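Colleague: One structure follows; several queries about it will come next.
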Amino acid sequence: MAEELKPYRYLVDGMSGDLKTYRGSCHCGAFVYEAKMPHVFKVLECNCSSCYKKGALWVVPEPGNIRFVKGSVDAHPPQVRSFQHGQGVDVWNIMKGPYKAPKFTGPEPKAVIEGAKIYTGSCHCGAVRLALKSKPLDKNSTEPVKECNCSICNRMAYVWLYPRKEQVVIEGEENLAYYKFGTKLFGKSFCKTCGISVHNDAKPIPEEELNKLPEGQREFIKGAFSMTPINLRVLNDFDVGDLNVEREDGYSRPPPYVEP
């Protein structure tokens, strides 16, 4: 007999002890919150399509132990509304029927790769879909797969693959929005409807603008112009936990990020 699922709010049983105030925020600082929780706490990692694609790790503080310092919860941004679990709604019993992954219907990527496999993926709502042609991605793969702990990658739980542009076809690009910061040379794309992060878009810039950048940064950006980095979490019927993921300490790179 399958184990009976408890309501979401009870999945953090065992949290006890002196409370510590943790402060969190979105990346741009429009929303800032503080939550009082024990020094050691458990998290819930849900494997539904939306939570998996977002890399969400959930924790539910006791009522009254979360406070929004900046930004209004009534503004309905997904990352703030997601804290509204545990208010008398048993989501485990509300959810009905399996999730059907949106299908990619576009052309095959043009890249010619011996022994290639075509992977397809999407955002959660299906407004954006993609196809990736690459060598098989598994524990034995030699393709570089990375996760970074910089201020944006850590918040969004990206798992990056760096294919060439001709290896990727994206349907529904008009349904993407882009978040830019720092040099503003890279746009972190996300679906306008469901907010799922899809890829990292680097737009070429004039040579004179490129030459103004520090040498190391300049070479990195020049190399990025020929790639379409993909967040592998968007691939359907695929588990990033099956890969050898390299961890990169991007948080230590200058300039330092100022936490809101």
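Colleague: Could you list all residues from the range 240-260 that are in contact (Cβ under 8 Å) with a residue 24 or more places away in the chain and either in a helix (DSSP H, G or I) or in contact with a Lys or Arg (Cβ under 8 Å, 6 or more places away or on another chain) (or both)?
Modeller: Correct list: Val240, Asp242, Leu243, Asn244, Val245, Glu246, Arg247, Glu248, Gly250, Tyr251, Glu259, Pro260.
Colleague: Does Asp237 count as in contact (Cβ under 8 Å) with a residue 12 or more places away in the chain and buried (at least 16 other Cβ atoms within 10 Å of the Cβ)?
Modeller: Values: in contact (Cβ under 8 Å) with a residue 12 or more places away in the chain: yes; buried (at least 16 other Cβ atoms within 10 Å of the Cβ): no.
The answer is no for Asp237.
Colleague: Restricting to the range 126-160, name every residue that is within 12 Å of Val245 (Cβ to Cβ) and among the aliphatic types (A, V, I, L, M).
Modeller: Scanning the range 126-160 gives Leu137, Val145, Ala157, Val159.
Colleague: Looking at the range 217-225, is at least one residue of a type in the set (Phe, Trp, Tyr), outside the structural domain of His124 (by TED's automatic domain parsing) and not in a strand (DSSP E or B)? Step through it out loud before you land on a result.
Modeller: We begin by selecting, within the range 217-225, every residue of a type in the set (Phe, Trp, Tyr); these are 220, 225.
Next, from what is left, pick out any that are outside the structural domain of His124 (by TED's automatic domain parsing): none.
No.
Colleague: Here's a follow-up. Assess whether Asn175 counts as being modelled with pLDDT of 95 or more, within 19 Å of Cys125 (Cα to Cα), polar (S, T, N, Q) and assigned by TED's automatic domain parsing to the domain that holds Leu130.
Modeller: Here the answer is yes, as Asn175 does meet what is asked.
Colleague: Based on this model, can you work out whether Val80 counts as closer than 20 Å to Ser49 by Cα, modelled with pLDDT under 95 and either surrounded by fewer than 10 Cβ atoms within 10 Å (Cβ to Cβ) or in contact with a helix residue (DSSP H, G or I) (Cβ under 6 Å, 6 or more places away or on another chain) (or both)?
Modeller: yes
Colleague: Follow-up. Among what's in the range 120-148 and is of a type in the set (Gly, Ala, Ser) and out of contact with any strand residue (DSSP E or B) (no Cβ under 6 Å at 6 or more places or on another chain), pick the residue that is nearest to Lys188 (Cα to Cα).
Modeller: Per the stated criteria, the residue is Gly126.
Colleague: Then there's this: Which one is farthest from Ala157 (Cα to Cα), of the residues in the range 183-234 that are out of contact with any strand residue (DSSP E or B) (no Cβ under 7 Å at 6 or more places or on another chain), without any contact (Cβ under 8 Å) to a residue 60 or more places away in the chain and among the polar types (S, T, N, Q)?
Modeller: Selected residue: Asn211.
Colleague: Mind telling me which of the residues Glu248, Glu219, Glu208 ends up being farther than 24 Å from Pro109 by Cβ and at pLDDT 90 or above?
Modeller: Residue meeting the stated conditions: Glu248.
Colleague: For the range 49-63, what are the residues that are surrounded by 16 or more Cβ atoms within 10 Å (Cβ to Cβ) and either part of a helix (DSSP H, G or I) or more than 18 Å from the chain's Cα centre (by Cα) (or both)?
Modeller: Once the filter is applied, which keeps residues that are surrounded by 16 or more Cβ atoms within 10 Å (Cβ to Cβ) and either part of a helix (DSSP H, G or I) or more than 18 Å from the chain's Cα centre (by Cα) (or both), the range 49-63 yields Ser49, Ser50, Cys51, Tyr52, Lys53, Lys54, Val60, Pro61.
Colleague: Also: Of the residues Leu185, Leu176, Leu137, Leu132, only one is surrounded by 15 or more Cβ atoms within 10 Å (Cβ to Cβ), among the aliphatic types (A, V, I, L, M) and in contact with a Pro (Cβ under 8 Å, 6 or more places away or on another chain); which?
Modeller: The match here is Leu132.
Colleague: Condition first: in a loop (DSSP other than H, G, I, E, B) and not aliphatic (A, V, I, L, M). Now tell me which residues in the range 30-48 satisfy that. Walk me through how you get there before you give the answer.
Modeller: So the first thing to find is which residues in the range 30-48 are in a loop (DSSP other than H, G, I, E, B), and the list is 30-31, 39-43, 45-48.
Phe31, His39, Phe41, Lys42, Glu45, Cys46, Asn47, Cys48, listed by residue number.
Colleague: Output the residue which, of all residues in the range 203-216 that are charged (D, E, K, R) and outside any helix (DSSP H, G or I), is nearest to Cys51 (Cα to Cα).
Modeller: Within the range 203-216, the match that is nearest to Cys51 (Cα to Cα) is Lys203.
The values are calculated or read from the model by the stated rules, or taken from the named source; none is laboratory data. Just so it is clear, the model here is predicted, and its values are computed rather than measured. For neighbour counting, all protein chains shown are included, and Cβ atoms are generated from backbone atoms with ideal geometry for every residue, glycine included.
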